[in-house]
2 protein chains.
Amino acid sequence: MRKGPPSGVLVDQLDTPALLVDLDALERNIQKMTDFFAGRPAALRPHAKTHKCPQIALRQLRAGAIGITCAKVGEAEVMVEAGITDILIANQVTGEIKIDRLTELARRCDMMVAVDDAANVQALSQACRAKGATLRVLVEVDIGMGRCGIAPGSAAVELARAVSGAPNLQFLGLMGYEGHLVLVKDPDERERRVREAFGLLRDTANQLAAIGLPVEIVSGGGTGTYDVTSDCPPVTEVQAGSYVFMDSTYCGVRPEFEPSLTVLTTVVSRPVPERAVVDAGLKAMTKELGWPRPLEAEAASLRYLSEEHGVLDLSAPEAVSWRPGDRVRFLPSHCCTTVNLYDSLHVIQDGRLVEVWPIAARGRSQ
Amino acid sequence: MRKGPPSGVLVDQLDTPALLVDLDALERNIQKMTDFFAGRPAALRPHAKTHKCPQIALRQLRAGAIGITCAKVGEAEVMVEAGITDILIANQVTGEIKIDRLTELARRCDMMVAVDDAANVQALSQACRAKGATLRVLVEVDIGMGRCGIAPGSAAVELARAVSGAPNLQFLGLMGYEGHLVLVKDPDERERRVREAFGLLRDTANQLAAIGLPVEIVSGGGTGTYDVTSDCPPVTEVQAGSYVFMDSTYCGVRPEFEPSLTVLTTVVSRPVPERAVVDAGLKAMTKELGWPRPLEAEAASLRYLSEEHGVLDLSAPEAVSWRPGDRVRFLPSHCCTTVNLYDSLHVIQDGRLVEVWPIAARGRSQ
């Protein structure tokens with residue numbers, strides 16, 4: 001089997017396609033978000049679904065994050081193995097096997113999980129009792145995204161009451177995700193709608209307080225909305241994740257963070273002057289939020305991605321010297337799904353490879 | 001670390017999301033394609049990019065395939081490690097590192113590779129000489145897809161001449177891929193256009209024969225076109241791959257094969273009667289050829305996929321009993337890119353797990 005490249009090699013000596021992260025840009029992004037939360041009432045619990053990489057989660061914690069957020073049990077398992085002890089799984093965990101894995105984690109560290117269903121609350125409680133585990137629980141409320149979450153108001157209150165009465169579960173508060181608002185371009189409209197959405201959580205929290213169920217934690221937010229969300233009482237925790245890498249989509253919304261993630265490719269064909277083809281297609285880059293952007297030539301743009309090929313149109317062929325074997329880097333349009341295609345991150349500093357970090361929490365579905 | 005599930009468990013006891021292949025359907029598809037090629041002048045060299053799985057490649061070879069096709073060096077390395085000795089890499093291999101890996105393989109077994117560039121021919125020749133290896137070479141000709149490949153006619157003839165004069169390279173013939181035609185719905189139109197496209201290869205082959213460069217191998221074709229392509233002299237080899245798994249897209253074009261590949265998911269939320277959410281989003285299913293299709297309920301259809309969620313609209317909510325924890329299987333819309341998201345294939349027979357096959361050739365980019 002091939003070995004990985006040694007530390008210190010130049011970027012141009014890496015084989016492709018490879019996922020690169022610029023270490024300095026990554027650390028500046030982590031520091032900038034940490035600085036933002038310093039002295040504010042809400043805290044940062046960054047979402048690890050973006051990077052799925054314990055080395056980055058540990059950097060976020062060392063910088064001052066209060067814990068991490070995961071999308072699923074498989075991610076949380078990897079983070080616990082890496083020594084992380086305070087994790088929110090920001091989804092409902094269902095089915096006997098997954099609930100068993102979750103309670104196993106809850107025996108080892110502080111696990112918090114979202115629920116939106118009364119039968120699930122009972123199933124979690126029973127599993128925890130059988131294992132002698134305790135789970136901290138947030139009730140997920142639909143604040144307008146229309147995906148998961150129970151309706152705000154009386155339905156959420158009733159579910160919170162069920163949680164608080166269930167053995168081995170500890171009702172801690174509410175979660176809402178304004179995923180439908182994180183990419184709203186106009187900052188004023190974004191702010192107005194985010195405040196409206198979290199107003200629903202505030203009203204629900206007030207109803208809970210009135211019946212003697214105080215809400216300690218309210219979790220929400222993303223990279224597109226962290227500044228407003230953190231200023232929407234009773235929000236206590238913000239789940240932003242993409243800020244570590246950014247991408248062409250988020251750069252249009254949050255210019256204060258830098259793109260740190262790129263895909264390194266090699267030209268495999270330049271069959272005619274106005275077309276070049278690289279060795280990264282749909283199996284190496286994603287396109288659900290738009291085409292990845294080639295960085296080395298203004299005149300180049302992706303026409304399409306097939307499975308293993310990225311096909312570029314060159315509008316000024318004479319200005320682009322690419323020949324087969326030359327390198328082209330791309331800025332992804334969606335960092336989270338792009339990372340999910342790779343097994344490792346090549347960490348780059350000053351044009352050289354510093355380390356290779358396993359994307360250890362990918363592919364942990366089964 | 002978690003262990004995999006034991007052989008013999010019921011499908012419903014598998015954790016999710018999981019990629020399932022029905023062993024009987026897979027074997028019927030392999031047998032049907034083998035039977036088609038029996039006694040025909042063209043032979044089957046199935047494309048392994050679809051499954052990236054040595055266990056399936058070995059089944060195809062045992063059934064009668066003459067070798068396999070790979071998209072890239074990383075796939076070929078895995079197949080060689082599994083004992084496969086006759087491989088076409090159906091793309092140009094560029095850059096010093098990849099060419100070095102290719103020549104390493106060429107020392108160990110019969111490697112054939114595509115070229116469309118004179119400088120690449122020289123680079124391959126030099127690398128082979130340095131290693132004492134020999135590479136068999138096909139000139140890739142653009143037969144209308146507009147991706148890779150040199151123009152048919154005199155340009156292709158000139159490149160073939162360069163290959164035949166290059167030390168340690170053996171000119172064997174031509175390759176063309178009619179990727180722009182494999183999904184044409186109307187069979188008559190598909191046939192007419194495929195015959196036109198391979199007419200370009202026939203003319204080029206005739207020109208080569210006229211200058212004393214006989215064309216031994218002509219490779220092309222896919223699952224959408226295998227029947228016509230195999231009947232287009234001088235085609236000698238067909239690269240079909242998707243027929244092993246099929247998907248909702250190919251089922252509309254080639255009903256003679258069965259869908260054998262599904263994604264098993266779990267309902268994580270049913271927040272309102274008319275909506276259900278499963279634990280498989282863009283990181284577990286692909287959508288570039290359309291939405292994956294839920295199999296268990298007529299009234300359900302995907303509205304969208306976010307990263308970790310598949311959101312389903314239920315047009316007749318009362319007819320769908322799904323609750324959190326229930327299972328839903330999906331038929332992918334594109335088998336090749338879906339397989340690329342998983343590390344292993346769960347092989348199912350009569351509703352039980354038989355084996356787990358690693359998708360060993362995925363993630364081998366760097």
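The values are calculated or read from the model by the stated rules, or taken from the named source; none is laboratory data. All figures in this text were calculated on a predicted structure; none of them were measured in a lab. Heads up, the Cβs are rebuilt from the backbone with ideal geometry, glycines too, and the neighbour counts pull from every protein chain shown. All accessible areas refer to the heavy atoms of the entire protein, side chains included, with ligands and DNA or RNA removed. Shrake-Rupley method; radii C 1.70, N 1.55, O 1.52, S 1.80 Å.
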Charge dipole (debye, nearest 20) of segment B:248-314; +1 at Cβ of Lys and Arg, -1 at Cβ of Asp and Glu: 120 debye
Selection from A:200, A:278, A:224, by position along the positive dipole direction of segment A:193-312 (Cβ): A:278
Diffusion coefficient, µm² s⁻¹, Stokes-Einstein with Kirkwood Rh over alpha-carbon pairs of segment B:219-366 at 10 °C and 1.306 mPa s: 94 µm²/s
Per-residue [θ]222 nm for chain A (sum of -39500 (n - 2.57) over DSSP H runs n ≥ 4, rounded to 500): -9000 deg cm²/dmol
Accessible-area value, residue A:28, 1.4 Å probe, nucleic acids and ligands omitted, Å²: 120 Å²
Interchain or long-range residues, amide H under 5 Å from residue B:303's placed H: B:311, B:312, B:313
Residues of segment A:70-162: accessible area per residue with a 1.4 Å probe, Å²: 32 Å²
Residue B:142 long-range amide H proximity, modeled H, under 5 Å: B:150, B:151
Taking all pairs of distinct alpha-carbon atoms in segment A:171-228, Kirkwood radius in angstrom: 12.1 Å
Out-of-range pairs (alpha-carbon distance over 27 Å; input A:98/B:72; A:49/B:98; A:185/A:287; A:287/B:185): A:98/B:72; A:49/B:98
Cα-centred dipole magnitude for the protein assembly as shown, charges only on beta-carbon of K, R (+1) and D, E (-1), debye, nearest 20: 1160 debye
Backbone HN-Hα couplings from phi across segment A:198-209 [Karplus 6.51/-1.76/1.60, Hz, Gly and Pro as x]: 6, x, 5, 5, 4, 4, 5, 4, 5, 4, 5, 4
Computed log₁₀ I(q)/I(0) - Debye formula, equal Cα scatterers, no solvent, chain B, q 0.08, 0.13, 0.15 Å⁻¹: -0.44, -1.02, -1.25
Cα-based radius of gyration of the protein assembly as shown once divided by 2.2 N^0.38 Å, which approximates compact folds: 1.00
Other-chain or far-sequence residues with amide H under 5 Å of residue B:328's (modelled H): B:265, B:266, B:267
Cβ-vector label at 7 Å, residue B:31, separations to other copies in nm: 6.6
Global size of segment B:67-215 as Cα Rg and Dmax, reported in angstrom: 15.7, 50
Karplus (6.51, -1.76, 1.60) ³J(HN,Hα), θ = phi - 60°, over segment A:166-180, in Hz, Gly and Pro reported as x: 8, x, 6, 10, 10, 6, 10, x, 10, 9, x, 10, 8, x, 6
Mean separation of Cα contacts under 8 Å (6+ apart) over length of segment A:32-167, as relative contact order %: 16 percent
Accessible area (Å², 1.4 Å probe, nearest 10) - residue A:40: 100 Å²
Solvent-accessible area lost in complex, 40 Å² minimum, residues of segment A:112-152 relative to chain alone, 1.4 Å: A:117, A:146, A:147, A:148
If the convex hull is drawn through the Cα atoms of segment B:1-147, its volume per residue in Å³: 176 Å³
Distances in nm from residue B:216 to the matching label points in the other copies, shortest first (labels 7 Å along Cα to Cβ): 7.5
Cα convex hull volume per residue for segment B:113-168 (Å³): 65 Å³
Exposure ranking of A:301, B:269 by accessible area [1.4 Å probe, largest first]: A:301, B:269
Interface B:A - total buried accessible surface [probe 1.4 Å, Å², rounded to 100]: 5400 Å²
Buried on assembly, segment B:261-294 (at least 20 Å² less accessible surface than by itself, 1.4 Å probe): B:268, B:269, B:271, B:275, B:282, B:283, B:287, B:288
Average Cα contact separation per residue, chain A, under 8 Å, 6 or more apart, as relative contact order %: 20 percent
Distance from segment B:2-36 to segment A:35-72 (C-alpha centre basis), Å: 39 Å
Segment B:181-186 - phi-based ³J(HN,Hα) in whole Hz, Karplus 6.51/-1.76/1.60, Gly and Pro as x: 10, 5, 10, 4, 5, 6
Computed magnitude of the charge dipole of chain A (debye, nearest 20; Cβ of K, R +1, Cβ of D, E -1): 700 debye
Accessible area of segment A:268-340 divided out per residue, in Å², using a probe of 1.4 angstrom: 36 Å²
Charge tally in the Cβ shell below 13 Å around residue A:10, where Lys, Arg are +1 and Asp, Glu are -1, residue A:10 excluded: -2
Debye log10 I(q)/I(0) at q = 0.12, 0.15, 0.23, 0.25 Å⁻¹ for segment B:44-94, Cα point scatterers: -0.20, -0.31, -0.73, -0.87
Debye-sum result for segment A:234-310 in log10 I(q)/I(0), which assumes one identical scatterer on each alpha carbon, at q = 0.13, 0.14 Å⁻¹: -0.49, -0.55
Relative contact order, percent, segment A:226-349 [alpha-carbon distance under 8 Å, six or more residues apart]: 28 percent
Heavy-atom SASA rank of A:334, B:180 (probe 1.4 Å, accessible area, largest first): B:180, A:334
